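Presented below is the structure to which this report refers.
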Amino acid sequence: MTRIVGLSGSLRKGSYNTALLLAAQELHPQILQIASIADIPLYDADLESSGMPEPVESLKRLIGGADGLLLSSPEYNNSMPGVLKNAVDWLSRPSGDIRNVFRDKPVAVIGASPGGFVTISAQAAWLPVFRALGARFWTGGRLMVSGAHKVFGERGQLADAEIRERLAAFLGGFIEFCTD
Ligand code: FNR
């Protein structure tokens, strides 16, 4: 069975990006496992020298053993959010472990925002990061959910049938890519 780790780039309870990831998990509960970046500290080389934080080590192990990584990334100021970049930076340490965690790892990015024409810049901003890490960035599909406040209900449930269909098509393609 293919195993994909999902990370949301937002820490807030009512996050649309977490809601999008949960909707993806609802479609593929056996395949998609959602992990959290909430316990990952700010990157500090002194902290790294005194021993890798446990939440970083366990997330490295989880991603290293998975067939793929799916990010649900907000867009901040036309780029990726610092909290998620911080997590990926930790996951790339020490650099000798990059091959176990990211090398040839299928990676895809989705995103949601209340605005229009959104998360395009954030998704593009992730490209050079995963190229640097030697991952296999999936470009076979795109999913950018604009007007997110109208797409998700009060409890964060995906209330838009067309977006659900697009999400299902995106996941189908990415899962196939991860299984290759
Ligand atoms: C934003 N937001 C935003 N949205 C967007 O589409 N393009 C952008 O460049 C930005 N920039 C931006 C900067 C900062 C500092 C914040 C806090 C927010 C709005 C953002 O998409 C919105 O807050 C989302 O709801 C964040 O995602 P979650 O938390 O709902 O997953």
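Taking GLU57 as the residue in question, decide whether it is open to solvent by 10 Å² or more (accessible area, probe 1.4 Å), in a helix (DSSP H, G or I), out of contact with any His (no Cβ under 7 Å at 6 or more places or on another chain) and touching a residue at least 24 places away in the same chain (Cβ under 8 Å).
Values: open to solvent by 10 Å² or more (accessible area, probe 1.4 Å): yes; in a helix (DSSP H, G or I): yes; out of contact with any His (no Cβ under 7 Å at 6 or more places or on another chain): yes; touching a residue at least 24 places away in the same chain (Cβ under 8 Å): no.
The answer is no for GLU57.
The listed residues are VAL145, VAL109, and the only one of them that is touching a residue at least 12 places away in the same chain (Cβ under 8 Å), crowded, with 23+ Cβ neighbours inside 10 Å, within 14 Å of the ligand (Cβ to nearest atom) and over 14 Å from the mean Cα position of the chain (by Cα) turns out to be VAL145.
For the range 118-142, name all the residues that are within 16 Å of the ligand (Cβ to nearest atom), open to solvent by less than 60 Å² (accessible area, probe 1.4 Å) and touching a residue at least 12 places away in the same chain (Cβ under 8 Å). I'd like the intermediate steps shown before the answer.
The first filter runs over the range 118-142 and keeps only residues within 16 Å of the ligand (Cβ to nearest atom), leaving 118-126, 142.
Imposing the further condition that a residue be open to solvent by less than 60 Å² (accessible area, probe 1.4 Å) reduces the set to 118-119, 121-126.
Across the range 118-142, the qualifying residues are VAL118, THR119, SER121, ALA122, GLN123, ALA125, TRP126.
For every residue, the table says whether it meets (1) under 21 Å from ASN17 (Cα atoms); (2) of a type in the set (Ser, Thr, Tyr); (3) within 16 Å of the ligand (Cβ to nearest atom); (4) in contact with a helix residue (DSSP H, G or I) (Cβ under 7 Å, 6 or more places away or on another chain).
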| residue | (1), (2), (3), (4) |
| --- | --- |
| ILE63 | yes, no, no, yes |
| ASP67 | no, no, no, yes |
| SER72 | yes, yes, yes, yes |
| MET80 | yes, no, yes, yes |
| VAL83 | yes, no, yes, no |
| ARG93 | no, no, no, yes |
| ASN100 | no, no, no, yes |
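For ASN100, indicate whether it is within 19 Å of ASP67 (Cα to Cα) and assigned to a helix (DSSP H, G or I). Yes, satisfied.
Kindly check whether there is at least one residue in the range 123-133 that is touching a strand residue (DSSP E or B) at 6+ places or on another chain (Cβ under 7 Å) and under 13 Å from TYR16 (Cβ atoms). Checking the range 123-133: not a single residue is touching a strand residue (DSSP E or B) at 6+ places or on another chain (Cβ under 7 Å) and under 13 Å from TYR16 (Cβ atoms).
Number of residues in the range 1-16 that are within 16 Å of the ligand (Cβ to nearest atom) and either open to solvent by 90 Å² or more (accessible area, probe 1.4 Å) or of a type in the set (A, V, I, L, M) (or both) equals 4.
Hey, does the range 82-97 have a residue that's under 19 Å from ARG142 (Cβ atoms) and out of contact with any Lys or Arg (no Cβ under 8 Å at 6 or more places or on another chain)?
Within the range 82-97, the subset under 19 Å from ARG142 (Cβ atoms) is 84.
In the following step, the residues that additionally are out of contact with any Lys or Arg (no Cβ under 8 Å at 6 or more places or on another chain) were identified as 84.
Yes, the conditions are met somewhere in the range 82-97.
Here the condition is being under 14 Å from the mean Cα position of the chain (by Cα), assigned to a helix (DSSP H, G or I) and within 26 Å of LEU158 (Cβ to Cβ); of VAL129, VAL88, it holds for VAL88 alone.
Among the residues of the range 154-171, is there at least one that is open to solvent by less than 70 Å² (accessible area, probe 1.4 Å), within 11 Å of the ligand (Cβ to nearest atom) and in contact with a Ser or Thr (Cβ under 8 Å, 6 or more places away or on another chain)? Yes, the range 154-171 contains at least one residue that is open to solvent by less than 70 Å² (accessible area, probe 1.4 Å), within 11 Å of the ligand (Cβ to nearest atom) and in contact with a Ser or Thr (Cβ under 8 Å, 6 or more places away or on another chain).
Pick out the one residue from ALA24, ALA19 that is touching a Phe, Trp or Tyr at 6+ places or on another chain (Cβ under 7 Å) and within 16 Å of the ligand (Cβ to nearest atom). Break it down stepwise before answering.
Working: ALA24 fails: touching a Phe, Trp or Tyr at 6+ places or on another chain (Cβ under 7 Å).
From the options ALA24, ALA19, the qualifying one is ALA19.
The values are calculated or read from the model by the stated rules, or taken from the named source; none is laboratory data. A quick note: this is a predicted structure, and the numbers were derived from the prediction, not measured. Methodologically, a virtual Cβ is constructed for each residue, glycine included, from the backbone with ideal geometry; neighbour enumeration extends over all protein chains shown. In case anyone asks, the SASA skips ligands and DNA or RNA and just uses the protein heavy atoms, side chains included. Shrake-Rupley method; radii C 1.70, N 1.55, O 1.52, S 1.80 Å.
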